[in-house]
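**Q** Please read through the structure below; I'll follow up with questions.
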Amino acid sequence: MSAESASGIQRSQVDLLDFVDWSGVECLNYSSSHSLANALKQGYREDEGLNLESDADEQLLIYIPFIQVVKLHSIVIKGPEDEGPKTVKLFANREHMGFSNVNDFPPSDTADLSLDNIKGKPVLLKYVKFQNVRSLTIFVEDNQSGSDITKIQKIVLYGTTVETTDMKGLKKIEEH
Amino acid sequence: MVLEATMICIDNSEWMRNGDYAPTRFQAQADAVNLICGAKTQSNPENTVGVLTMAGKGVRVLVTPTSDLGKILACMHGLEVGGECNLAAGIQVAQLALKHRQNKKQQQRIIVFVGSPVKYDKKLLEMIGRKLKKNSVALDIVNFGEEDEGKTEKVEALLAAVNNNDSSHIVHIPSGPSALSDALISTPIFTGDGEGGSGFAAAAAAAAAGGVSGFDFGVDPNLDPELALALRVSMEEERARQEAAAKKAAEEAAKQEKGAEQQSSTQDATMTETVSAAAPEAENKSNDMTDDENALLQQALAMSMGDSSASAATRDTDMSEATADDQDLALALQLSVQDSTKDQASQTDMSKLLADQSFVSSILASLPGVDPNDPSVKDLLASMQNQAEPQQKDEDKAPKEEEKK
């Protein structure tokens, strides 16, 4: 990981929330009353009381596709001190992973979240590995205290977009 | 119309040879599987269904999830019954088969038929259930066949471990006259949480029920409503008549004990006679009788009268429910309530009239669906004669002789 100061986000990096393809967002093993929207969506994620919580055990598998190709620079994962996530593995461009095959591929990056990170300090990622990201899979392996439930209050992805054609923006040229 | 991939786990162990579900448990299961496959594929054309067997030589996937109904039905042919059911392995193989489904957008569901005793312990089943929940696989359990102690408990525990937001269900089907598939049709396993396969399910229900046993008279009200109605009305009248007969017999004994018991009757249908013939208190209750409390009250009354009219009281409930449908009868009921307050003399006259065999049989003949030669009708007449006996001994003799022919 880069040793760059991580107190702030590099100016060119934007919040990739606008580029998330919400129709394809999936989360495995979440508790139904505490869904992924609580951690991702604008407004919900700022609310301290609304968390994404795990259900049967402490692991979570989050799949986020994007509407266009992005480069991922850093990530903020915020949660409570004891039940917040600790080991987080990130996979770029892997579709439909399950808990059983999550250990079959090497992750694009692994984030070991310290208490600072849990409070909101961004984690810088191996930028070279995330140059051409169509979808991101976040695998939360365990939490800070080893409890049965992992709680995530906020997930923010920082990066830039790659110049791709937005098909919706294509318009037929008007004949005069 | 949920987009779903379903794996059906069939129990083809030795326990399926049993015939307590007609014709054999295994055959009943096969029918149910066919119905489920049809319902799933109909509710959404993109749904896929797969089948695997849990017993025999081992867990074997007969067909991987496919939307081709013919393939599924074909694979059900020639299945052998034998071996022991391996529930844990079966569910896990089903989960694996679903994981490798072609359309990843489909929701995963496993339907498992548990007919033989479950030899696994609760902990293992709960662990399997949690794993299914973690991978968002829904599980439907059809509990039938062997009623092992602990089996129900284990199966319920498995469901509790899997269940996420009521997407998983369990049905217990005891052995009985109705087919396994018929019992399943009304369950959420078929109806898919309230929507989806309901159209197919309704059609299947009508077909299945219209064919055998489903409807009382073998006539589907959808096909022939008038005939069904006529049959139902005559059935109710017949039942009422039988109740009347039994009641009269009980009444007779009660009457003798109590002495002067007020008897009122109308000239209308015999049904109202029987209702009004009860003791005044019971009679008032019979008018309101639509719930069990009154029936119990009647029973208590009857028991205090100290005879077997308790059974008559319960029948009274059924009967008045039948009469509730008919407004004429309701009117007659009211009349009879008023009648009960009249003095004995008028009652006697009425009884005289009824004691007249020919008059009564002429009334009965005019009623639809009544055969005066029917033994139950004869019993009724006989009991009527008996109750008029203390007052009208002479008139009784002649009709009685006729009865005994």
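**Q** If I model a spin label as a point 7 Å beyond the Cα along the Cα-Cβ vector, how far apart are those points for A:K171 and A:D142 in nm?
**A** It is 5.6 nm.
**Q** Explain nothing, just the number: dipole magnitude of region B:1-158 about its Cα centre with +1 on each Lys and Arg Cβ and -1 on each Asp and Glu Cβ, in debye rounded to the nearest 20.
**A** 880 debye
**Q** Please identify, among A:F99, A:F91, A:F66, the residue showing maximal mean-square fluctuation in a Gaussian network model of chain A using a 10 angstrom Cα cutoff.
**A** A:F99
**Q** For the pair B:N34/A:D116, report the inter-label distance in nm, with labels modelled 7 Å from Cα in the Cβ direction.
**A** 7.0 nm
**Q** Moving on to the next point. What translational diffusion coefficient, in µm²/s and rounded to a whole number, does the Stokes-Einstein relation yield for region A:65-166 at 37 °C and a viscosity of 0.692 mPa s, taking the hydrodynamic radius as the Kirkwood radius over Cα pairs?
**A** Numbers: Rh = 14.1 Å.
The estimated diffusion coefficient comes to 233 µm²/s.
**Q** A further question on this structure: Kindly provide the Kirkwood hydrodynamic radius of region B:33-91 in Å, to one decimal, from all pairs of distinct alpha carbon atoms.
**A** 12.1 Å
**Q** At 0.36 nm per residue, minus the direct Cα-Cα distance, what do A:V162 and A:R134 gain on full extension? Give it in nm, one decimal, please.
**A** Taking 0.36 nm per residue and subtracting the Cα distance, the gain is 9.0 nm.
**Q** Rounded, prolate or oblate: pick one for region B:9-137, where a ≥ b ≥ c are the square roots of the eigenvalues of its C-alpha gyration tensor, a/c under 1.5 means rounded, and failing that, prolate if a/b is larger than b/c, else oblate.
**A** Oblate, because a/c is 1.5 or more while a/b does not exceed b/c.
**Q** Rg and Dmax in Å for chain A, alpha carbons only: what are they?
**A** For chain A, the Cα-based Rg and Dmax read 16.6, 68 Å.
**Q** A further question on this structure: Amide H to amide H under 5 Å from B:D140: which residues, 5+ apart in sequence or cross-chain, H placed 1.01 Å off N in plane?
**A** Hits under the 5 Å cutoff: B:I110, B:I111, B:V112, B:H169.
**Q** Out of region B:82-158, which GluC sites (Glu not before Pro) are coil in DSSP terms and have no more than 10 other C-beta atoms within 10 Å? Walk me through the intermediate numbers first.
**A** Details: sites: B:E84, B:E126, B:E146, B:E147, B:E149, B:E153, B:E156; in loops: B:E84, B:E146, B:E147, B:E149.
Sparse-neighbourhood loop GluC sites (Glu not before Pro): B:E149.
**Q** Quick one: net charge around B:L158, please, counting Lys, Arg +1 and Asp, Glu -1 for every other residue with C-beta under 13 Å from its C-beta.
**A** +2
**Q** Cross-link list A:K86/A:K121; A:K41/A:K171; A:K119/A:K151; A:K154/B:K131; A:K71/A:K129: which exceed 19 angstrom alpha carbon to alpha carbon?
**A** Beyond 19 Å between Cα atoms: A:K41/A:K171; A:K154/B:K131.
**Q** Next question. Note the full-extension length gain between B:E126 and B:L69 as 0.36 nm times their separation in residues minus their Cα-Cα distance, in nm to one decimal. Walk me through the numbers before you get to the answer.
**A** Details: separation 57, 0.36 × 57 = 20.52 nm, distance 3.26 nm.
Computed gain between B:E126 and B:L69 is 17.3 nm.
**Q** Within chain A, what's the longest stretch lacking GluC sites (Glu not before Pro) that sit in DSSP loops with no more than 11 other Cβ atoms inside 10 Å?
**A** Counting at most 11 other Cβ atoms within 10 Å as exposed, the longest clean stretch of chain A is A:82-162.
**Q** Simple spin-label model, 7 Å along Cα-to-Cβ: A:F105 to A:E48 in nm?
**A** Distance between label points: 3.8 nm.
**Q** Given region B:68-174 reduced to its alpha-carbon atoms as identical point scatterers, what log10 I(q)/I(0) does the Debye formula return at q = 0.16, 0.17, 0.18, 0.22 Å⁻¹?
**A** Treating every Cα as an identical point scatterer, log10 I(q)/I(0) equals -0.77, -0.86, -0.96, -1.29.
**Q** Based only on other Cβ atoms within 10 Å, what is the fewest-to-most ordering of B:R101, B:R25? If you can, show how the numbers build up before the last one.
**A** Values: B:R101 18, B:R25 27.
So the ranking, lowest neighbour count to highest, is B:R101, B:R25.
**Q** Tell me, what is the percent relative contact order of region B:1-106, built from C-alpha pairs under 8 Å that lie six or more residues apart? Walk me through the numbers before you get to the answer.
**A** Values: 183 pairs, mean separation 37.1, N = 106.
Relative contact order, region B:1-106: 35 percent.
**Q** Run the paramagnetic zone check for A:D15: 7 angstrom along Cα to Cβ, then residues of region A:118-150 with backbone nitrogen under 11 Å.
**A** Answer for region A:118-150: none.
**Q** Sticking with this structure for a sec: Rounded to the nearest 5, what % of DSSP beta bridges with both residues in region B:1-141 are antiparallel?
**A** About 20 percent, rounded to the nearest 5.
Quick note: the coordinates plus some simple rules give every number you see, no bench work behind them. Nothing here was measured: the structure is a model prediction, and the numbers come from that model. Don't worry about glycine lacking a Cβ; one is built from the backbone with ideal geometry, like all the others, and counts go over all protein chains shown.
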